[in-house]
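K.L.:
Take a look at this one; I'll ask things after.
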């Protein structure tokens, strides 16, 4: 009897071990499933600020055209009952500045949790599942203006793909030199989706004309949609409605100042290939013409150690291997932006470019579209200069360049 009971006990113990293992396996599987779920976006219960400046509701209205601002103090966000925030996504409107995210401590006082350094206009930070948090300027002695246009909060799970986590590349593969936000999509078509999204290259986009605050937010959304992960460069120069390239450069402090700035960018980012806009300015815009002229002349300057020796010493000189100009009539190549792209579920490069144009909501009434034919054909480029010889296949910006 005693032996039979001991045997039964051993059998039961085995069953318990198997059941326990199954329970653990199920828990792991459930945890994995939860981890694979996309985090739900949450809406706050209450907003408060130490200094009453601007409408706090603007932070959650889904628009880049509104904002909340302050020069000091904090903005506090309280979550709804039963909800907790595991991630926060801040969209600055004008300039990003360092901010501190604070969460309640054990005794209720708010303590520093994470500092965002102010490198990017859109920044994300993880949170430990909090029901309340504060955002405040990191160093109020600098008297900087904190201007936020949007805040997004997330529950547990994986952050949605549209939440941007930018990087700064030490070296670029491809550079697009554009006049304005959305020029990178209109005139270059599938270049961003193909080279950044599909091929995973480091693509550095440079915009010459600094526009309204919301346009800088829109351009980030458009780039991210196309697979660009390297943070763009927006010049300190302002837009000018002129068809005269010289007038534009004079407004920017003169040709020498403009070229010195862009040559420094070339040395800093070191692109293998540079593509830019039509020498005629597409439809005659002076800023587009300035972009084209800089792409034609500055690569030689960037390789000259005697030109702007300070940036030459700081960054080193750099030789761009190939320069392409949109619609340039010599040494023409035609890019295929109609091929389905795996990175975008089979959509083509030009389809993605036109979808990304919808991110530029402030420009929607204009009704522009990237087209693969006609006078503004976004597939047609000319090889202006090359250190690796002429193109033969004529279907790839990186022909003859090792990758």
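K.L.:
Of the listed values [x] 32, 26, 23; [y] 47, 30, 20; [z] 32, 27, 20, grab the one calculated as semi-axes √(5λ) of the Cα gyration tensor in Å from the structure here.
P.N.:
The listed entry that was calculated here is [y].
K.L.:
Would you mind classifying the range 324-386 by shape? Square roots of the alpha carbon gyration tensor eigenvalues, ordered a ≥ b ≥ c; an a/c under 1.5 is rounded, otherwise it is prolate if a/b is larger than b/c and oblate if not.
P.N.:
oblate
K.L.:
Cβ neighbours within 10 Å, averaged per peptide: list 361-368, 330-337 in order, most packed at the top.
P.N.:
Highest to lowest by the protection proxy: 330-337, 361-368.
K.L.:
Arranged from highest to lowest average of other beta-carbon atoms within 10 Å per residue, in what order do the peptides 322-328, 47-53 appear?
P.N.:
Per-residue Cβ counts within 10 Å, averaged per peptide and sorted highest first, yield 322-328, 47-53.
K.L.:
May I ask you to derive the relative contact order of the chain, considering only C-alpha pairs under 8 Å and at least 6 residues apart, and to give it as an integer percent?
P.N.:
Result for the chain is 14 percent.
K.L.:
Determine the distance separating the Cα centre of the range 52-102 from the Cα centre of the range 283-306; give it in Å without decimals.
P.N.:
That distance is 40 Å.
No lab work stands behind these numbers, since they all come straight from the coordinates. Small disclaimer: the values here were computed from a predicted structure and weren't measured. Please note: Cβ atoms are built from the backbone with ideal geometry, for glycine as well, and neighbour counts cover all protein chains shown.
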